[in-house]
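In what follows, a single structure is set out as structure tokens and then discussed.
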Amino acid sequence: MSPDEPQDGFVLPGHESLVARFAFVDNEALREELSLVLEYVTFLTQLEKTLGSRPTIAFSVRKDIVLWTACIVEATLHHALCVLQKRGTQEEKRKLVGLHPEYKEMKKCWQLPAQEDGYEQNIVCGIQCLVPQSLKGMLFQELIERAGGIGLFDAEIKRKATYLRKRRNELHLQALDTKSVYEKTTITKVFEDAGIILKCLEERLASIV
């Protein structure tokens, strides 16, 4: 049985085609993980269509679809920012390094030893320099802000990413202000917005020599 043939009533894309979807991601391990998550989202999408008579279960499946779709976008955005921090334009590198003052430190140039004439501590002389921000562990919201700050996301794409993040966060019931609603229209918009965001990231990464 080929990967594209029905299995238990579901038709899933072949694994190679899913991996190819993320060909613009040059991290092999991440590309593999993204393809696996996309396969799961595809499965959930087909599963949701069979649960019309079970609205409660369908609601939970839609939550999972939003969660894992957001996971794909967040991971790909993080990868793109890491690449741009190393191989982007000088302006992108500068902004990614120095968007906030806490990413500055004093670089010691020389040190004067303690003196007997009142100087009880060493005197360190140096200059202030920028140090790279660590993108590891950065929250989705912070990644979106960084992408907007360097011009990777325009205002519209930033709004789409923020919408996706907020829908993802509705998974946390204690954070809800109103009843969470995961309708078919929500899933449609999430897929559309995720596709636009991924295309933006793919085009920027593809342009790097």
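The values are calculated or read from the model by the stated rules, or taken from the named source; none is laboratory data. This is a predicted model, so every value here is computed, not measured. Positions of Cβ are generated from backbone atoms using ideal geometry, with glycine treated the same way; all protein chains shown enter the neighbour counts.
Before moving on, here are some points about what is shown:
- Residue within segment 153-171 that is at pLDDT 55 or above, more than 30 Å from Arg62 (Cα to Cα), exposed (fewer than 11 other Cβ atoms within 10 Å of the Cβ) and within 24 Å of the chain's Cα centre (by Cα) present: no
- Filter result for Leu84 (out of contact with any Ser or Thr (no Cβ under 7 Å at 6 or more places or on another chain) and surrounded by fewer than 18 Cβ atoms within 10 Å (Cβ to Cβ)): no
- Taken together, the residues in segment 66-84 that are farther than 19 Å from Ile187 by Cα and either outside any helix (DSSP H, G or I) or among the hydroxyl-bearing types (Ser, Thr, Tyr) (or both) amount to 1.
- The single residue among Arg54, Arg94 that is surrounded by fewer than 12 Cβ atoms within 10 Å (Cβ to Cβ), assigned by TED's automatic domain parsing to the domain that holds Phe24, among the charged types (D, E, K, R) and modelled with pLDDT of 75 or more turns out to be Arg54.
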